[in-house]
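One structure is given here, and the rest of the page talks about it.
Coordinate-derived values only; no laboratory data. Small disclaimer: the values here were computed from a predicted structure and weren't measured. In this analysis, Cβ positions are derived from the backbone assuming ideal geometry, glycine residues included, and neighbour counts consider all displayed protein chains.
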Amino acid sequence: MKSRHDTLGTAALLLLILIAWEVAGQLRLVADGTLPALSAILTRLFAERSDYWPHILATLETSGLGFIIGNLIAVAAALVFCLWPIGERLLRGVNIAAFAVPPIAIVPVLVIALDGDVARITLAALLVYFPTMTATLAGLREVDPRSLDLVSAYGGGKLKALLLVRLRAAVPAIMSGFQVAAPAAVLGAILAEFGSGARWGLGTFLLGSLGRGEPDRLWGIGLAATAIAGVGYGLAALAAQWTTGRNRAVTIAPPPSESTSPQVERWRRSLLTLIAVLLPFLFWQMLLLAGDLSPIIAKTPLGVLDYLFFSNASPSAQSRLLQALSETIPITIGGMFIGLAVAFLLALLSFATPVVMRALLPFALVTQTMPLVALTPLAVLIFGRGITVTLVITISVTFFAAFVLLAQGFALIPRPAFDLVDAYGASTLQKLRLIAIPASRKWLFVAARLAMPKALLGVMIAEWLATGKGLGNLLNQSRGYLDYGMIWTVAVVSVLVAIALYQLTYTAERLTER
Amino acid sequence: MQGLPLSFVDVEKTFHIKGQALTVFEQLTLDCPGGSFTALLGPSGCGKSTLLRLALELETADAGSILVGDERPSAARKTGAVGVAFQDAALLPWRNVEDNILLPFQVLGTKPPDPEHIGKLIRLVGLEGFEKARPEELSGGMRQRVAIARSLATEPRVLLMDEPFGALDLILRRQMNLELQRIWSAARPTTLLITHGVDEAVYLADRVIVLSARPAEILADITIPFARPRAPELLRDPQFHKLCDEIGAYLEPQQNQTEA
């Protein structure tokens, strides 16, 4: 598929973009030098290389450990959920909460509760867990039913089906999970370095450089972070490519049979849901008990309720919270939809013309790991402090995960499906409409579920650092006033908002399945 | 090892698809004695494949009993007594030919056979030289032959085949028919063969069952009188053709209309 001609095209396009960057930098075309010339960034990076090493090594270690631990837990959890679907129902609340937590909101909490290095690794692992878990579970479940029949025909049970068929069939999906997880681990490590007062790490380095207003240094740190994530992403992408070719079904599989999960009575279903909702709060309470922290700093679930409804500060807290929510929620939903649309268009583009896609991918990757906090000051210089900057940042955090999933969905479509419509002289557009889009519908919803809470994170970071509105700003102010009640309240409320949005996409998926 | 008897007694099966009930069998009874070879003919969609899936307990019957030997299919299949070749080859795309044939042993958890046994099966279905090829590198007919080799690999006492030769050309099909007869004569597994080819059914089986359209009933149960081993010349025998025509008549559309 990948011909020499294509490779040349990719290289030419890449070169063109780099030249455009260099020229724009030299002539100070973008927001009066906010985008320095590539040569200037690299020269500075080279000159300061001895300053970089300890920071790079520190971030490499925490993000690497977080990546490994988070992925191990994620794959193990997906295997358990696949064998024992009730386990997924029970832990659904924990899963969604672990995923929806805007990392920026819990950095202060983690730093209070855990030892420095452990806090950073924990945040990296936390950000890795959900994308890998969902991708793995989707891969384990999306299996050719004929292969499962064969295992059953020889008396194999669920475990044999898992070991002999599902696990191997899920490898490309697991790899696509790793691709999303690699930049997430770096982002987690760097975000946690901000609040932790660590001596080394790219986050610390970035924080120290923020005030100096030197775009070339900020970009240099961003590139270093990108390089770390890029190595992880590249290895996973390579593995995904290598395994996908062998996984493509030889013929078009019939759709999997109706869900085989046994009919659960209504009261049992309600009980499961209730436990799923309560478990995260139970974990939260137990974590605080184990950490033996002061109830003034570390609020329990009841402590947050007390603060929000029964204390002297309640009326003021409620009105501030509602005001913040009314500013944050609409723009989150809007940003999510645009981000998803961008991802879908990019995935289509990569499907139609791999040349363009391979040239754009490195830049897409930069927006992922170029930590938002480094990106935001630059984005503010370019886009101002209005709604545009929030949207730009939100889109840039949402589209990447969605794009990787959608591209994977397109790649898994069996070739004979395309050969068939090709035989009738289908145009690329028709191939998209008849085959690619219907076949990737499931992935579109998985992508939406991934994007929703990320959109909230993007909006909150932009609010915190740029626009001074909404939940993000409220959290920032509360940190300044040491208003622990509000810090915990915002963390909880932002998770609840994210869960509500997540459920919304889930319901939408259910409705379209009818 | 003698073939195990396979019996369906008063089997009922109804599918519910989008709220619509689709009755496939109402009280179907079919008895295949140990070591017999039964071919199953019938119009498309009458439930032939469902019968095979019931015999493997991939579907469960709503009523009636299905026994392999004196066990339920779900128990029998765990002993490795049952071999199956599905209509679709159902090969694992990431495994090569050899490893696909080895799959049943891994599922059953039994010791893998010595390589010579697998090599013999691969030669039998004419795939020598393709041992290390993956399914995507094979033609449709070659994939089906891998599935046939796999169904024979465990030396089953009950062999279930769902149009295993459907994707083969006529010459290869004849050749595979000869081979299947030879293998079957040596080991005598109780065989249930679903096919669309009347001549294939008559050539291979002791007994040909013709099913009606849904809900499927046994329209005809014909004993095939030809002595074994049956030489290829039988295919040109006038008596053979007479029998084929007779059976073919049951499959004519008018027949089904008068039935319905």
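Per-structure values
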{"item": "Inter-part distance where segment A:380-421 and segment A:443-480 are each reduced to a Cα centre, Å", "result": "18"}
{"item": "Pairwise label distance in nanometres, B:Q27 with A:S294, each label 7 Å out on the Cα-Cβ vector", "result": "8.4"}
{"item": "Enclosed volume per residue, in Å³, of the convex hull spanned by Cα atoms of segment B:20-80", "result": "107"}
{"item": "Distant-in-sequence amide H partners of B:A220 (H built 1.01 Å from N, under 5 Å)", "result": "B:V210"}
{"item": "Local electrostatic count at A:L137 - Lys and Arg +1, Asp and Glu -1, tallied over other residues with Cβ under 13 Å", "result": "+4"}
{"item": "Length released on extending from A:F418 to A:F309, taking residue separation times 0.36 nm less the Cα-Cα span", "result": "33.3 nm"}
{"item": "Convex hull volume per residue for segment A:5-126, taking Cα atoms only, in Å³", "result": "206"}
{"item": "Whole-number D in µm² s⁻¹ for the protein assembly as shown, Kirkwood Cα-pair radius fed into Stokes-Einstein, 10 °C, 1.306 mPa s", "result": "53"}
{"item": "Euclidean distance between Cα centres, segment B:91-159 to segment B:48-77, Å", "result": "24"}
{"item": "Taking B:R173, B:R53, B:R145 and counting other C-beta atoms within 10 Å, the order from fewest to most", "result": "B:R173, B:R53, B:R145"}
{"item": "Hypothetical label at B:E233: residues of segment B:203-221 whose amide nitrogen lies under 19 Å (7 Å Cα-Cβ projection)", "result": "B:203-204"}
{"item": "Calculated FRET efficiency for the pair A:L57/A:R385, C-beta based, R₀ 30 Å, to 0.05", "result": "0.25"}
{"item": "Number of partner chain Cβ atoms within 10 Å, mean per residue of B:71-82", "result": "2"}
{"item": "Gain in span if fully extended, A:S39 to A:R269, counting 0.36 nm per residue against the direct Cα distance", "result": "76.7 nm"}
{"item": "Zone of A:Y481's modelled label, taken as backbone nitrogen in segment A:495-510 under 14 Å from a point 7 Å along Cα→Cβ", "result": "none"}
{"item": "Cα-centred dipole magnitude for segment B:1-156, charges only on beta-carbon of K, R (+1) and D, E (-1), debye, nearest 20", "result": "320"}
{"item": "Residues of type lysines that B:K120 reaches as a straight line, Cα spacing below 18 Å, ignoring anything fewer than 8 places off in the same chain", "result": "B:K111, B:K132"}
{"item": "Shielding by partners - mean other protein chain Cβ count within 10 Å, residues of A:154-163", "result": "5"}
{"item": "Hydrodynamic radius of segment B:28-187 per Kirkwood, over alpha carbon pairs, in Å", "result": "16.5"}
{"item": "Size of electric dipole in segment A:127-228: Cβ of Lys, Arg +1 and of Asp, Glu -1, about Cα centre, debye, nearest 20", "result": "320"}
{"item": "Residue order, fewest to most surrounding Cβ atoms within 10 angstrom, among A:L148, A:L289", "result": "A:L289, A:L148"}
{"item": "Alpha carbon centroid spacing (whole Å) that separates segment A:93-141 from segment A:160-210", "result": "10"}
{"item": "Spacing of the two label points (7 Å from each Cα toward its C-beta) at A:L322 and B:Q106, in nm", "result": "6.1"}
{"item": "Descending semi-axes in whole angstrom, ellipsoid equivalent of segment A:318-359, from the Cα gyration tensor", "result": "37, 7, 4"}
{"item": "Three semi-axes of the equivalent ellipsoid, segment B:80-172, Cα gyration tensor, whole Å, largest first", "result": "19, 16, 12"}
{"item": "Residue list for segment B:70-109, given a label point 7 angstrom along the Cα-to-Cβ vector of B:S139 and an amide N cut-off under 19 Å", "result": "B:88-91, B:97"}
{"item": "Neighbour net charge for B:I101 - beta-carbon separation under 10 angstrom, K R +1, D E -1", "result": "-1"}
{"item": "Total charge dipole magnitude, segment B:40-88, about the Cα centre, Cβ charges on Lys, Arg, Asp, Glu only, Debye to nearest 20", "result": "100"}
{"item": "Pairwise label distance in nanometres, B:E71 with A:R212, each label 7 Å out on the Cα-Cβ vector", "result": "7.5"}
{"item": "Full-stretch length increase - A:L27, A:T353 - with 0.36 nm per residue and alpha-carbon distance subtracted", "result": "114.2 nm"}
{"item": "Sites B:L170 and B:E128 - FRET efficiency at Förster radius 22 Å, r taken between beta-carbons, to 0.05", "result": "0.50"}
{"item": "Per-residue average of Cβ from other chains inside 10 Å of B:92-98", "result": "5"}
{"item": "Qualifying lysines (Cα of each under 28 Å from Cα of B:K18; at least 8 residues distant if same chain)", "result": "A:K158, A:K442, B:K48"}
